[in-house]
Each structure stands twice: as structure tokens, then as C-alpha cells.
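Participant: Before I ask anything, let me first share the structure, which is written out below as C-alpha cells.
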Amino acid sequence: MSWTAGKATRWLSLAFLATMLAVFLVTALIALTLLLPPAAAKTTITVYLRESIPVEYEWEKRMIAEFEKKNPDIDVQIVTEAGSTYDAKLLTLWATGNPPDVWDHGGTVNTYLYNGWLLDLGPYIRRDSAEINIADFFPAAWRAYRDGDKQWGMPFVSVGSFMWYNADLLDAAGLQSPSPDWNDTGWTWQRVQEYARKLTTYKPNGPIDRPGLVIIHWSYLDIQYSWSFGGDWFDETAWRQGIPCRPTFDTPANREAYQTMVDMLYRQRTAITFENTTTDYASNLYPTKQFTGGNAGMAVGEGPWLVMGQLDSIKFRWGMAPFPRGGQAKNYVSMVYTDPWMISSKTKNPEAAWRFVKFITSAEVMKEYVKIGNFAPARRSAVLDYVNRLSQASRHHTAAEVLLALAGSQEYGREALDHVIVGWPDFFQEIQGRMPAIWGNTRSVPVVLKEIDEAVSNLIARKFGTGKK
């Protein structure tokens, strides 16, 4: 055999061995693949977000990405209102049989419950109570959507309503700043009227130049003035079950409450509101802008968003006090606005949805939220940065005093009317069509309250009959 032929033979032998080795390796890999368990399929959940507030929406997308990173077996698909309003799109999703697995932003929560939309989170909360740390939630936030052992949402943000005041103007008038402590019950409507008289200034020809008080009211905010005098709009059943059975508008407490406001606006002439001043938001004479612009002594009716959106532009020292009390009220009452994360009763993946809700309402996530949000978180452990922001912007309160005010508004808090009254939009039409006659002083308080009682009674009869579904 020649050298060339021997070399060729050796190369052929090596090629044969290489081919056989390759076949063996492929066969082994196929066999190994067949022996391995199949890769677990991802669970998909849909989460409905509000796109209309870009900062919040971008933050939520970042949190969802973080959740997916920590939970690689869950894929979150985002649904948005896409040209509609948030509530209208949610209704459409349910009507077309495509409800999201998870959504938030408050809304008519008890109406969702009445419609059968909400999954009871009670069993999941009891199972994971150690991880959730229920004691970390503010009290009004936690009880907002709780009924016995049942829970219809996990609180995320929760803020109360306050009296706001210009500390510089109070000092100049020789008036002591009211305490932020809700256990100090000395901040009454009588005292507010005295302060307003000393803070109000008038133009030479008689109109108010600087109001002592700005009275803020709209929609369900009107009920705060009833509560502050020991009154209410509905009987206890409404607040226990969410279903109004008997309206209680025309009562002595409510007449005293609204007459006190009317007197300050039109008889004492120490206050302004939307009906007796400009309603053009662009104007510096708009009531809330008069306060934030430094041309009003006090403002009542709003939560922290009155100042949170303008922390850098408010030039005066400001403070926060309890919503005043009057009449037969023994304690202060704060209207609380709690937005929960909710899970659909129709979800096919409740465990995955629950894992997401646990994550988004965790202390760690809430601490991230307060960096971009204007609302207080529902957890005590997440509120520090929020408190410090308010304190630094106030230039009047210490952080401890701000925390005292926020905690008191929770201790004495009642959840916002639209969240807890079933069918609130219908009641809104009946009530809000008549309340401007009180605020505008065009009709007497007792007459208007009696008409609202009758109109709401008729609505309840049409909508609920006996008040039970």
C-alpha cells in the first residue's frame, strides 16, 4: 500500500468514528430530553391600569416588570382604558365577558360587590397573614372593604380630609394654630367662625378681599359637613351593607350643618365657595387657588392633594388640622379615600392574581410609590417619605405632627361615599342636582333637604325595593 493510500484509509476511519460519535451524542440528547419533565407553562393574568396619569402608569409598568422578574412563572398582560374612561371601560370589559383578573383605583367598590364582580380575599389573607402583616395597615384603610371575615380588596393608598390653614396669616392675626391631634377636640366650627371673622378682609366698596375660609365641596364631599355635626345622609344599613334603605337628609343635625355653612358664606360673609365666587379654574380667584396662592386664611374639605401637587409653589407656611366638629358630634370625622387592588370573581387564576396583589400592596412597593405619588400609602411602614415631604413643604409642621394628623384622620375615618354606596352614580344625580341651591343660597336649607329625602326615597324604591338584592 502506498503512503497516499494509507493516509486516505486512516482519514476515512477517523471520519467514520466522528460520524458514529455524533450519532451517539444526538441519540443521547434526544433520550435525555424525553426523560426530562416538560417546561412549566406560564400562567397569564390581566391587570387593568389607568393610563391617563402617565407618571403613575409608567411606575405601575415598572412594578409589573419587577413582579414578573420575581415570579417567572407568571405573565402579566396590561389592559388600559384606551380612549374611554376608566369606569366605562371596566363596565364594557365585564359586559363583553372579558373582565380583568386584577384592577384598582377605587371606584364604586360596593357596587362591584353587589354586581358579583369581586373575589373574597379573606381566605388568602388568613392563610398569608404573617406575610401580609395586617397590623401595618392604617385602620380606616383596612376596614374600608372588610365585612366580617370577608375582604373585597387590599388597600393601596388611603388619605383623609383636613382643615388647612395659612400659618403666616394666623400668626399675623394673633391666632393660635390649631392642633394636628385628632384627640384634641377643641377645634370646633364655632372656633372656626371666630377665626374666619378675624382673618377676613374686605375691599373699600364691600366685597370680600381675602376670605377667612374656603369651603370646598363637590359630589360626595358635601356629606362631610353633615358628618361633622353628627348627621348623615343614610341610615346605618347603608354603611353596613352598602345598600341605602332610608335616606336621612332632613334632620336637625343636617339642617344645622348646612345652615352654618350658608351663614358663613352669605350672612357673616367670612367664607367663599364655588357658588359665590369664580368657577373658572384658570383664574386666581378660583376658591382653592385663593388658598394655595396665599389669599385665604383657611380651607376645608380636601385631602392632601390640595397641597401635594403644588409643594414647590406654595410660598407661605401652612398647617393641617382635623376636620372641625359642631352640633351634637362627639368626635371628629374624616372622609377617607382608600383605593384597593381587587381580584375578579371570574378569574381562572386566583393564586397568580393573589400573588400579584400581595406584591403590589407590599410595604416595599408602597415605599416606591410615595416617591412619585400624591396620595398617602395605606401602610404605616411606608409613610415616612410621604410625611417628610409634607413636613418640609409645610415649613410649619414637624414630621411627627404631620404623622399625627394623618394617623388621626385614619382613626376617625369613614370611607368615601362613592366607594361604599351601591349605585352611587344614580344617587349622585338626585343629590347633586339639588345641593347647589343650598350652596348658592337660592332656596332654604330645610326645603332642599326635604326634597332630597323624597327624591332619594323614590330612587331607593325603584332601584332596590326593600333594599335587598
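Participant: Being surrounded by fewer than 23 Cβ atoms within 10 Å (Cβ to Cβ) and either more than 27 Å from the chain's Cα centre (by Cα) or not assigned by TED's automatic domain parsing to the domain that holds W233 (or both) is the filter here; which residues of region 247-264 pass it?
Facilitator: If the condition is that a residue be surrounded by fewer than 23 Cβ atoms within 10 Å (Cβ to Cβ) and either more than 27 Å from the chain's Cα centre (by Cα) or not assigned by TED's automatic domain parsing to the domain that holds W233 (or both), then D250, T251, P252, A253, R255, E256, Q259, T260, V262, D263 are the ones that fit.
Participant: Just to check your reading of the model, which residue among D128, D149, D136, D104 is within 20 Å of K358 (Cβ to Cβ), in contact (Cβ under 8 Å) with a residue 60 or more places away in the chain, over 22 Å from the mean Cα position of the chain (by Cα) and assigned by TED's automatic domain parsing to the domain that holds K358?
Facilitator: D128 is the lone residue from the list that is within 20 Å of K358 (Cβ to Cβ), in contact (Cβ under 8 Å) with a residue 60 or more places away in the chain, over 22 Å from the mean Cα position of the chain (by Cα) and assigned by TED's automatic domain parsing to the domain that holds K358.
Participant: Taking the conditions exactly as written (more than 18 Å from L417 (Cα to Cα), of a type in the set (K, R), modelled with pLDDT of 95 or more and assigned to a loop (DSSP other than H, G, I, E, B)), does R255 satisfy them or not?
Facilitator: When the stated conditions are applied, R255 does not pass them.
Participant: Separate question: Any residue that is free of Cβ contacts under 8 Å to residues at least 40 places away in the same chain, assigned to a loop (DSSP other than H, G, I, E, B), surrounded by fewer than 21 Cβ atoms within 10 Å (Cβ to Cβ) and not hydroxyl-bearing (S, T, Y) - is there at least one of those in region 438-457?
Facilitator: There is at least one residue in region 438-457 that is free of Cβ contacts under 8 Å to residues at least 40 places away in the same chain, assigned to a loop (DSSP other than H, G, I, E, B), surrounded by fewer than 21 Cβ atoms within 10 Å (Cβ to Cβ) and not hydroxyl-bearing (S, T, Y).
Participant: Return yes when G186 is part of a loop (DSSP other than H, G, I, E, B), in contact with a Pro (Cβ under 9 Å, 6 or more places away or on another chain) and in the same structural domain as E454 (by TED's automatic domain parsing) and no when it is not.
Facilitator: Yes, satisfied.
Participant: Here is a further query. Kindly indicate whether any position in region 109-119 is modelled with pLDDT under 95 and surrounded by fewer than 14 Cβ atoms within 10 Å (Cβ to Cβ).
Facilitator: Checking region 109-119: not a single residue is modelled with pLDDT under 95 and surrounded by fewer than 14 Cβ atoms within 10 Å (Cβ to Cβ).
To keep it simple, each residue is scored yes or no on (1) farther than 23 Å from E256 by Cα; (2) touching an Asp or Glu at 6+ places or on another chain (Cβ under 6 Å); (3) in the same structural domain as G212 (by TED's automatic domain parsing).
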{"position": "T278", "(1), (2), (3)": "yes, no, yes"}
{"position": "Y286", "(1), (2), (3)": "yes, no, yes"}
{"position": "K289", "(1), (2), (3)": "yes, no, yes"}
{"position": "G297", "(1), (2), (3)": "yes, no, yes"}
{"position": "P304", "(1), (2), (3)": "yes, no, yes"}
{"position": "P324", "(1), (2), (3)": "no, no, yes"}
{"position": "A353", "(1), (2), (3)": "yes, yes, no"}
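Participant: Let me ask another. Restricting attention to region 334-381, which residues are surrounded by 18 or more Cβ atoms within 10 Å (Cβ to Cβ) and free of Cβ contacts under 8 Å to residues at least 24 places away in the same chain?
Facilitator: Matches in region 334-381: S362, V370.
Participant: For region 300-308, does any single residue satisfy the condition of being assigned to a loop (DSSP other than H, G, I, E, B), more than 24 Å from the chain's Cα centre (by Cα) and not hydrophobic (A, V, I, L, M, F, W, C)?
Facilitator: No, region 300-308 contains no residue that is assigned to a loop (DSSP other than H, G, I, E, B), more than 24 Å from the chain's Cα centre (by Cα) and not hydrophobic (A, V, I, L, M, F, W, C).
Participant: Which one of W218, W227 is of a type in the set (F, W, Y) and touching a residue at least 60 places away in the same chain (Cβ under 8 Å)?
Facilitator: Just a single option satisfies the conditions, and that option is W227.
Participant: Moving on. Of the residues that sit in region 67-87 and are in a helix (DSSP H, G or I) and touching a residue at least 40 places away in the same chain (Cβ under 8 Å), which one is nearest to T361 (Cα to Cα)?
Facilitator: F67
To keep it simple, each residue is scored yes or no on (1) more than 30 Å from L459 (Cα to Cα); (2) touching a Leu at 6+ places or on another chain (Cβ under 9 Å); (3) hydroxyl-bearing (S, T, Y).
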| residue | (1), (2), (3) |
| --- | --- |
| K371 | yes, no, no |
| R379 | yes, no, no |
| Q392 | yes, yes, no |
| G408 | yes, no, no |
| G413 | no, no, no |
| I421 | no, no, no |
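Participant: Does at least one position in region 399-419 carry a residue that is crowded, with 18+ Cβ neighbours inside 10 Å, of a type outside the set (G, A, S) and more than 21 Å from V333 (Cα to Cα)?
Facilitator: no
Participant: What number of residues within region 141-175 satisfy the criterion of being assigned to a helix (DSSP H, G or I) and surrounded by fewer than 24 Cβ atoms within 10 Å (Cβ to Cβ)?
Facilitator: 8
The values are calculated or read from the model by the stated rules, or taken from the named source; none is laboratory data. Note that the structure is a prediction, hence the values are computed from the model and not measured. No Cβ is skipped: glycine too gets one built from the backbone with ideal geometry, and neighbour counts run over all protein chains shown.
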